[in-house]
1. When you look at Phe28, is it in contact (Cβ under 8 Å) with a residue 24 or more places away in the chain, open to solvent by less than 100 Å² (accessible area, probe 1.4 Å) and within 13 Å of the chain's Cα centre (by Cα), yes or no?
2. Among the numbered conditions (1) under 30 Å from Asn74 (Cβ atoms); (2) out of contact with any Ser or Thr (no Cβ under 8 Å at 6 or more places or on another chain), tell me where Leu43 comes up short.
Amino acid sequence: MDLESIRGIRHGLQDSRRDGLTEFFHEFMLVLLSEGYSFEDLLHAIANWASEQPRLEEVVGHLEKATDEIHEKN
């Protein structure tokens, strides 16, 4: 199998994983919303989790900003 074929397979697998994760997230959000949580709550929780991950330090500010922007619009 040549390198191009391997790359194609890897990209296909990545797409499948993303599709599966997207479907999982959709179902997960339905459960959260039915329990009274909001997308803002989820972003806040992800920001808290990310703040404990040294490699995600730069992402935390973006997540907090997104949470603030959602809060302002509601």
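The values are calculated or read from the model by the stated rules, or taken from the named source; none is laboratory data. If you're wondering where the values come from, they're calculated on a predicted model, not measured in any experiment. With ideal geometry, Cβ positions are generated from the backbone for all residues, glycine too; neighbour counts draw on all protein chains shown. Keep in mind that these areas ignore ligands, DNA and RNA; they rest on the heavy atoms of the full protein, side chains included. Shrake-Rupley method; radii C 1.70, N 1.55, O 1.52, S 1.80 Å.
1. no
2. Exception for Leu43: condition (2).
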